[in-house]
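The values are calculated or read from the model by the stated rules, or taken from the named source; none is laboratory data. What you see is a predicted model, and the numbers here were worked out from it, not measured in a lab. FYI the Cβ positions are ideal-geometry reconstructions off the backbone, even for glycines, and counts take in every protein chain you see. In case anyone asks, the SASA skips ligands and DNA or RNA and just uses the protein heavy atoms, side chains included. Shrake-Rupley method; radii C 1.70, N 1.55, O 1.52, S 1.80 Å.
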Amino acid sequence: MRLTPINIVSACLVAWYFVEDMSDTKPLLSMTALLILMVVLLLVDIFFRIIVKQNKKLWLYELGFIVVVAILTLIIKIA
């Protein structure tokens, strides 16, 4: 399995969840929401791997996807 930006983001999200879960405050995501997010990220990663064969383009498309999702998340959070 090749290392891709979505895999890195998934690992960071899992680590962030467990660090946040250890604190006294209420976590931002529930375990169910985290699992759904991980499944969606896995499916998107598989979709990009099927569509894009070149490794450099795969990284660019996945980084673009992550940036778009991050911006949309911030817009939704602010509104």
For T25, state whether it is in a helix (DSSP H, G or I), free of Cβ contacts under 8 Å to residues at least 12 places away in the same chain and over 14 Å from the mean Cα position of the chain (by Cα).
no
Restricting the search to the stretch 24-43, which residues are closer than 13 Å to P5 by Cα and touching a Phe, Trp or Tyr at 6+ places or on another chain (Cβ under 7 Å)?
none
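Do we find that V44 is within 10 Å of the chain's Cα centre (by Cα), surrounded by 11 or more Cβ atoms within 10 Å (Cβ to Cβ) and in contact (Cβ under 8 Å) with a residue 12 or more places away in the chain in this structure?
Numbers: within 10 Å of the chain's Cα centre (by Cα): yes; surrounded by 11 or more Cβ atoms within 10 Å (Cβ to Cβ): yes; in contact (Cβ under 8 Å) with a residue 12 or more places away in the chain: yes.
In short, yes.
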Residues that are open to solvent by 60 Å² or more (accessible area, probe 1.4 Å) and under 19 Å from K77 (Cβ atoms), drawn from the stretch 14-27:
W16, T25, K26
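One line per residue, one yes/no per condition, for (1) charged (D, E, K, R); (2) under 17 Å from C12 (Cα atoms):
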site	(1), (2)
L29	no, yes
L35	no, yes
I46	no, no
K57	yes, no
Y61	no, no
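Considering S30, S10, which residue is of a type in the set (G, A, S), out of contact with any helix residue (DSSP H, G or I) (no Cβ under 8 Å at 6 or more places or on another chain), at negative phi and open to solvent by less than 80 Å² (accessible area, probe 1.4 Å)?
S30
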Just the residues that are free of Cβ contacts under 8 Å to residues at least 40 places away in the same chain, within 13 Å of I6 (Cβ to Cβ) and open to solvent by 80 Å² or more (accessible area, probe 1.4 Å), please, taken from the stretch 52-66.
L60, Y61
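Residue-by-condition table, conditions (1) modelled with pLDDT under 90; (2) hydrophobic (A, V, I, L, M, F, W, C):
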{"residue": "N7", "(1), (2)": "no, no"}
{"residue": "F18", "(1), (2)": "yes, yes"}
{"residue": "D21", "(1), (2)": "yes, no"}
{"residue": "L29", "(1), (2)": "yes, yes"}
{"residue": "D45", "(1), (2)": "no, no"}
{"residue": "Q54", "(1), (2)": "no, no"}
{"residue": "G64", "(1), (2)": "no, no"}
